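K.L.:
One structure coming up, written as structure tokens, with questions to follow.
The values are calculated or read from the model by the stated rules, or taken from the named source; none is laboratory data. These figures come from a predicted structure and were not determined experimentally. Glycine gets a Cβ as well: all are built from the backbone with ideal geometry, and neighbour counts include every protein chain shown.
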Amino acid sequence: MPSKTKILLIYTGGTIGMMKDFETGALKAFNFSKLLQRIPELKLLDCSIETVSFEHPIDSSNINPEMWDQIATMVEANYEIYDGFVILHGSDTMSYSASALSFMLENLAKPVIFTGSQLPIGDLRTDAKENLITAIQIASLQAKNKPVIQEVGLYFEYKLYRGNRTTKINAEHFNAFTSPNYPALAESGVHLKVENHLFLQQKTGKKFIVHKNLDNNVFVLKLFPGFNEGAMHAIINIPNLKGMVIETYGAGNAPTDSWFIVALQMAINKGLHIVNVTQCSGGSVNMGQYETSTELKKLGIISGKDITTEAAITKLMYMLAQNVAPSSFKTIFETSLRGELS
Ligand code: ASP
């Protein structure tokens, strides 16, 4: 008889494990062992599940790169022991964490599936049980003794997405995530429909490498009509700033005011890496399509293409930490490293 697949459940916090504070009525994270007692169904799954937890579970608004290191370390330390990993995480910043981990875990050959819920597990109408149970089932899928999914995914409300393609779009609906520029990798209904052709193709035999210590000397600037020169100068003069994502309009368009273009040129001359990402929730940057992006193209601004802001900012942190040479930074950023852009 083949041995059962082994799944490690990593609990970081989030609504899934929260309870109402008696005094304030606000939701806050609580002890993980109680969380598992609430889901006796887990014992029915055909895999063995072990758990580790953050010492102090968090609301995901408090996540930071040091905690991404902690998650990566938990995966690294248990990589050979388990067939798959499910990360319980608050939904608010789940797309950032899934994106960050996708870059940090190079040559990943096992599933790392993020999930959480909009209602706590103890709530009568909770979405937590379906999300957790199916995420575990997805992480335990095997074909020819190998994990079917070999990348960082995000499972929420019946859909498995590539983690670094997702964004949170709703603070209330159970259907809280979307993947605007890449289809779902799997969909759960009466059957689990798995789209194998959409998975990342791993190069076999490559050693699993974990990269930590992301560089957070970065900034996201969302353009808006009325954005002024003083603010632009304050931003580009932030001490130690090394990279910036600019959320532009439409297909990567921005004002043509000379003060804006001159400031960008100054920033680039100082060595800042600037990435152009669209504010639109779907579609791609295409510098040069309009006059309002021609100057950006001439300046050598990096095209984020159809990347999400979450993936762009974490990719910047990752590449800065890798000390990628300035001469190849643009080319590498514009290349898909983990399926994050088309
Ligand atoms: N505030 C919560 C968190 O992100 C929301 C959630 O878990 O869905 O931790």
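K.L.:
Just checking, which of Asp127, Asp92 is of a type in the set (Asp, Glu), under 17 Å from the mean Cα position of the chain (by Cα) and within 16 Å of the ligand (Cβ to nearest atom)?
P.N.:
Values: Asp127 fails: under 17 Å from the mean Cα position of the chain (by Cα).
Matching residue, one of Asp127, Asp92: Asp92.
K.L.:
Then there's this: Answer yes if at least one residue in segment 320-339 is farther than 23 Å from Asp69 by Cβ, part of a loop (DSSP other than H, G, I, E, B) and at pLDDT below 95, and no otherwise.
P.N.:
Within segment 320-339 (the criterion being farther than 23 Å from Asp69 by Cβ, part of a loop (DSSP other than H, G, I, E, B) and at pLDDT below 95), the answer is no, since none of the residues qualifies.
K.L.:
Kindly evaluate Met287 against the criterion of being surrounded by fewer than 19 Cβ atoms within 10 Å (Cβ to Cβ) and farther than 28 Å from Glu151 by Cα. Break it down into steps so the answer makes sense when it comes.
P.N.:
Values: surrounded by fewer than 19 Cβ atoms within 10 Å (Cβ to Cβ): no; farther than 28 Å from Glu151 by Cα: yes.
Considered against the rule, which asks whether it is surrounded by fewer than 19 Cβ atoms within 10 Å (Cβ to Cβ) and farther than 28 Å from Glu151 by Cα, Met287 comes out as no.
K.L.:
With the requirement that a residue be away from the ligand (no atom under 14 Å from the Cβ) and in a loop (DSSP other than H, G, I, E, B), what does segment 110-121 give you? Even if it seems obvious, please write down each step before you answer.
P.N.:
Keep residues of segment 110-121 that are away from the ligand (no atom under 14 Å from the Cβ), which gives 110-113.
Matches in segment 110-121: Lys110, Pro111.
Matching residues to (1) farther than 20 Å from Phe199 by Cα; (2) at pLDDT below 95; (3) buried (at least 23 other Cβ atoms within 10 Å of the Cβ):
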position: Met67; (1), (2), (3): yes, no, no
position: Ala72; (1), (2), (3): yes, no, no
position: Val112; (1), (2), (3): no, no, yes
position: Leu119; (1), (2), (3): yes, yes, no
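K.L.:
Moving on. Just the residues that are more than 15 Å from the ligand (Cβ to nearest atom) and either in contact with a helix residue (DSSP H, G or I) (Cβ under 6 Å, 6 or more places away or on another chain) or in a helix (DSSP H, G or I) (or both), please, taken from segment 1-30.
P.N.:
Answer for segment 1-30, where residues must be more than 15 Å from the ligand (Cβ to nearest atom) and either in contact with a helix residue (DSSP H, G or I) (Cβ under 6 Å, 6 or more places away or on another chain) or in a helix (DSSP H, G or I) (or both): Ile7, Leu8.
K.L.:
Another one. For Ile268, state whether it is more than 25 Å from Thr167 (Cβ to Cβ), modelled with pLDDT of 95 or more and in contact with a strand residue (DSSP E or B) (Cβ under 7 Å, 6 or more places away or on another chain).
P.N.:
On the way: more than 25 Å from Thr167 (Cβ to Cβ): yes; modelled with pLDDT of 95 or more: yes; in contact with a strand residue (DSSP E or B) (Cβ under 7 Å, 6 or more places away or on another chain): yes.
Considered against the rule, which asks whether it is more than 25 Å from Thr167 (Cβ to Cβ), modelled with pLDDT of 95 or more and in contact with a strand residue (DSSP E or B) (Cβ under 7 Å, 6 or more places away or on another chain), Ile268 comes out as yes.
K.L.:
Looking only at residues that are assigned to a strand (DSSP E or B) and touching a Gly at 6+ places or on another chain (Cβ under 6 Å) in segment 52-68, which one is nearest to the ligand (Cβ to nearest atom)? Explain how you work it out, then say what you get.
P.N.:
In the first step, residues of segment 52-68 are kept if they are assigned to a strand (DSSP E or B); the result is 52-58.
Subset that is touching a Gly at 6+ places or on another chain (Cβ under 6 Å): 57-58.
Values: Pro57: 9, Ile58: 7 Å.
Step by step, filter segment 52-68, then rank; the result is Ile58.
K.L.:
Across segment 271-284, which residue is surrounded by the fewest Cβ atoms within 10 Å (Cβ to Cβ) among those that are of a type in the set (Ser, Thr, Tyr) and modelled with pLDDT of 95 or more? Step through it out loud before you land on a result.
P.N.:
Residues of segment 271-284 that are of a type in the set (Ser, Thr, Tyr), as a first pass: 278, 281, 284.
Those still in the list that are modelled with pLDDT of 95 or more too: 278, 284.
Working: Thr278: 24, Ser284: 18.
Of everything passing the filter in segment 271-284, Ser284 is surrounded by the fewest Cβ atoms within 10 Å (Cβ to Cβ).
K.L.:
Within segment 290-309, restricting attention to residues that are among the small types (Gly, Ala, Ser) and surrounded by fewer than 24 Cβ atoms within 10 Å (Cβ to Cβ), which residue is nearest to the chain's Cα centre (by Cα)? Write out each step before concluding.
P.N.:
Filtering segment 290-309 down to residues among the small types (Gly, Ala, Ser) leaves 293, 300, 303-304.
The next check asks that each one be surrounded by fewer than 24 Cβ atoms within 10 Å (Cβ to Cβ); those that pass are 300, 303.
Working: Gly300: 26, Ser303: 19 Å.
Top of the filtered list is Ser303.
K.L.:
While we're looking at this one, here's another question. Any idea which of Asn175, Asn170, Asn181, Asn145 is in contact with a Ser or Thr (Cβ under 7 Å, 6 or more places away or on another chain) and of a type in the set (S, T, N, Q)?
P.N.:
Numbers: Asn175 fails: in contact with a Ser or Thr (Cβ under 7 Å, 6 or more places away or on another chain); Asn170 fails: in contact with a Ser or Thr (Cβ under 7 Å, 6 or more places away or on another chain); Asn145 fails: in contact with a Ser or Thr (Cβ under 7 Å, 6 or more places away or on another chain).
Of the residues listed, the single one that is in contact with a Ser or Thr (Cβ under 7 Å, 6 or more places away or on another chain) and of a type in the set (S, T, N, Q) is Asn181.
K.L.:
Scan segment 134-155 for residues that are in contact with an Asp or Glu (Cβ under 8 Å, 6 or more places away or on another chain) and either surrounded by 24 or more Cβ atoms within 10 Å (Cβ to Cβ) or more than 27 Å from Pro180 (Cβ to Cβ) (or both) and jot them down. Steps first, please.
P.N.:
Here is the first cut: in segment 134-155, the residues in contact with an Asp or Glu (Cβ under 8 Å, 6 or more places away or on another chain) are 139-140, 142, 147.
Answer for segment 134-155, where residues must be in contact with an Asp or Glu (Cβ under 8 Å, 6 or more places away or on another chain) and either surrounded by 24 or more Cβ atoms within 10 Å (Cβ to Cβ) or more than 27 Å from Pro180 (Cβ to Cβ) (or both): Ala139, Ser140, Gln142.
K.L.:
Please determine whether any residue of segment 76-87 is buried (at least 21 other Cβ atoms within 10 Å of the Cβ), more than 16 Å from the ligand (Cβ to nearest atom) and not aromatic (Phe, Trp, Tyr).
P.N.:
There is at least one residue in segment 76-87 that is buried (at least 21 other Cβ atoms within 10 Å of the Cβ), more than 16 Å from the ligand (Cβ to nearest atom) and not aromatic (Phe, Trp, Tyr).
K.L.:
Here is a follow-up. Take segment 271-306 and flag every residue that is touching a Lys or Arg at 6+ places or on another chain (Cβ under 7 Å) and free of Cβ contacts under 8 Å to residues at least 40 places away in the same chain.
P.N.:
Passing the criteria: Leu272, Val285, Met287, Gly288, Gly300, Ile302.
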